[in-house]
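The values are calculated or read from the model by the stated rules, or taken from the named source; none is laboratory data. Since the structure is predicted, the reported quantities are computational estimates derived from the model, not experimental observations. All Cβ positions, even for glycine, are placed from backbone atoms using ideal geometry, and neighbour counts span all protein chains on display. For accessibility, only protein heavy atoms count, side chains too; no ligands or nucleic acids. Shrake-Rupley method; radii C 1.70, N 1.55, O 1.52, S 1.80 Å.
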Amino acid sequence: MTDGITWLAESKCVDFSGHSVHVSRELAPEELVSRIAGSAFDTTYTARHIGELTGRQVNDLLDDLYGDVWDGLALRYGRDGDWSFVVCYGGWMGEMVNQAAVSHGGAHVFHLEYEEENGKPVPPHFAYFHDGELACGFNLHLDRSWGYDGVDGDPEWARRVEPLLMAAGLPDEDADRRLVRRTALDILGQVFGLALPRHRIVEGTLDSVVLEDTD
């Protein structure tokens, strides 16, 4: 893959609501979907395949099924190079709360999230989970007004990431936030080799599922 992840710094780059994207090398796309569906704290979801759809088509379907796109949940997923990826649609904000469990059994799972329509506003966030634990995570705005205090997780990963942020002049409270986010994403791409197929996610069709509440 050649698209990297810095394109996630662009406004509404995946969906009007922002983005919530998981990637993993070890897990097949279908397994990653299953684990994400099982990561809700107090709801049991079943993934029902709805075909190969664009993001717009998924949103339209959620609107038709639930009356409002925010009231449903859907995932689009695929494999590109070494990476499986899953993209969330609908009312995903705050829904998948047991994220670390997605990486059980020794898997490495990366999560990039930005609630772009949240009025607070919530900063974009990166998290890397391994074997059920947080290995590395931080606020991509590096904004101390949101409690940023360095890289959380395993100190070994903090020692790899923080010097690169510092070398890039970050954190810098006066810098444009989009530029800060893009720089942080570029560094994460370097450290972890992360990449996502922009055209396939934004314009193409991908296998898609609706998450149905079975409780």
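Would you work out the Kirkwood radius for segment 1-109? I mean one over the mean of 1/r across all pairs of different Cα atoms, in Å. Spell out each step's value before the answer.
Numbers: mean 1/r = 0.0685 Å⁻¹.
Averaging 1/r across every pair of different Cα atoms and inverting gives 14.6 Å.
Taking the Cα atoms only, what angle lies between the long axis of helix 155-167 and the longest principal axis of the chain, rounded to 10 degrees?
Once rounded, one gets 70 degrees.
If eta is 0.692 mPa s and T is 37 °C, what Stokes-Einstein diffusion coefficient results for segment 92-156, Kirkwood Rh from Cα pairs, in µm²/s? Could the numbers behind the result be given before it?
Values: Rh = 12.6 Å.
After rounding, the answer is 261 µm²/s.
Just to verify a number: what accessible area does ARG35 come out at with the full protein assembly present, 1.4 Å probe, Å² rounded to tens?
About 40 Å², ignoring ligands and nucleic acids.
Given a Förster radius of 25 Å and the C-beta distance between ASP213 and ARG177 as r, what FRET efficiency does 1/(1 + (r/R0)^6) yield to the nearest 0.05?
Working: r = 35 Å, r/R0 = 1.41.
Efficiency for this residue pair is about 0.10.
What relative contact order, as a whole-number percentage, does segment 58-155 give when Cα pairs under 8 Å and 6 or more residues apart are counted?
Relative contact order comes out at 17 percent.
Calculate the dipole size of segment 1-100 relative to its Cα centre from +1 charges on Lys and Arg beta carbons and -1 charges on Asp and Glu beta carbons; express the result in debye to the nearest 20. Walk me through the numbers before you get to the answer.
Values: 7 positive and 16 negative charges, 34 e Å.
The dipole magnitude comes to about 160 debye.
Where the centroid of each part is defined by its Cα atoms, how far is segment 144-172 from segment 185-215 in Å?
24
For the chain, give the percent of accessible area contributed by carbon and sulfur heavy atoms, probe 1.4 Å, rounded to a whole number.
45
Based on the Kirkwood radius over alpha-carbon pairs, what value in µm²/s does the Stokes-Einstein equation return for the translational diffusion coefficient of segment 32-71 at 20 °C and 1.002 mPa s?
Translational diffusion coefficient: 186 µm²/s.
Scan (1) 42, 39, 28; (2) 47, 36, 34; (3) 65, 35, 31 for the value of Cα extents along the principal axes in Å calculated from this model and give just the label.
(2)
Rounded to a whole number of µm²/s, how large is the Stokes-Einstein D of segment 154-209 at 10 °C and 1.306 mPa s, given Rh as the Kirkwood radius over C-alpha pairs?
After rounding, the answer is 119 µm²/s.
Report the full-extension gain for the segment LEU164 to MET93: residue separation times 0.36 nm, less the Cα-Cα distance, to one decimal in nm. Mind dumping the intermediate values first?
Details: separation 71, 0.36 × 71 = 25.56 nm, distance 2.97 nm.
Gain on extension, LEU164 to MET93, equals 22.6 nm.
Specify, per residue and in Å³, the volume enclosed by the convex hull of the alpha carbon atoms belonging to segment 111-203. Could the numbers behind the result be given before it?
Values: hull volume 11.4 nm³, N = 93.
Output value, Cα hull per residue: 122 Å³.
When all protein chains stay in place, what accessible area (Å², nearest 10, 1.4 Å probe) is found for LEU27?
Accessible area of LEU27: about 20 Å².
With the other protein chains left in place, how much accessible area per residue, in square angstrom, belongs to segment 1-99 at a 1.4 angstrom probe?
That works out to 43 Å² for each residue.
For GLU31, put the label point 7 Å out on the Cα→Cβ axis and report which residues of segment 63-94 keep their amide N under 18 Å from it.
Within reach of a label on GLU31: 77-87.
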